[in-house]
Structures are given as C-alpha cells and as structure tokens.
Amino acid sequence: MKNAPVWLTLPLPDGAVEVVLTRRERKSIGIAIRDGRVELIAHPRVGREQLLAVLHQRQHWIVNHVARQRHALQTRDDWSQVQLFGQPLPLHFIA
C-alpha cells in the first residue's frame, strides 16, 4: 500500500492523513489504518459520494486510530530511554 496512489487527503485535528482507495469485489466498505495512511476498500461500483459519506461517518474512529499509530511510531523510534521495572533507564550507545 505504500506505493498506492493517494485518492484524497483527509484533514484531521492532529494533521492531515492520506487516503488510498482499493477497489475489489466485496459487499461492504472497509477502512484500515496502515503505514500512516487510511485505506478505503470498496467495490468498484461504489460511488465517490458514498465513500465520502463513510469517511465522514467513521471520522471519530479514524482520528483515534491514526493518533494511536502516530504515537506508537514516535515512541518506538526513541531509543534514548527505556523502562526497567517502571523506572526510566537512559541508554548510551557506544560504537
């Protein structure tokens, strides 16, 4: 999905997120948060207006999941300190 074309950019309170559209045979419209993007999965005959309506209806869910994923990425990349028995333990890298 990283190379999938961006269908639209969805403005969110904590910053915009890209939405990619995947078309395949299915009965419902699916939403997934992957690689910092929203993936919208829908049947080829589902129109743009219906897709936008689903994004609007599920905006609260999208905001929460995008925020959680962004937070996880930020904390995962910080290796200057880890927790040991609930206490912060600074790390020093020696080459």
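Readers should treat all values here as calculations from the given coordinates under stated rules, not as data from a laboratory. The model shown is predicted, which means the values in this text are computed figures rather than measured ones. Here Cβ is always computed from backbone atoms with ideal geometry, including for glycine, and neighbour counts include all displayed protein chains.
Quick check: pseudo-label points 7 Å beyond the Cα along Cα→Cβ at Q87 and L8, how many nm apart are they?
5.3
Within the chain, which is the longest segment containing none of the trypsin sites (Lys or Arg not before Pro) that sit in a DSSP loop and have at most 12 other Cβ atoms within 10 Å?
Answer from the scan: 46-95.
For a quick check: with amide H placed at 1.01 Å from N, whose amide H comes under 5 Å from V17's, ignoring anything fewer than 5 positions away on the same chain?
L10, L12
At 37 °C and 0.692 mPa s, what whole-number value in µm²/s does Stokes-Einstein give for the translational diffusion of region 6-90, with Rh from the Kirkwood sum over Cα pairs?
224
Between A67 and H43, what is the label-to-label distance in nm when each label sits 7 Å out along the Cα-to-Cβ direction?
Computed distance between label sites A67 and H43 equals 3.4 nm.
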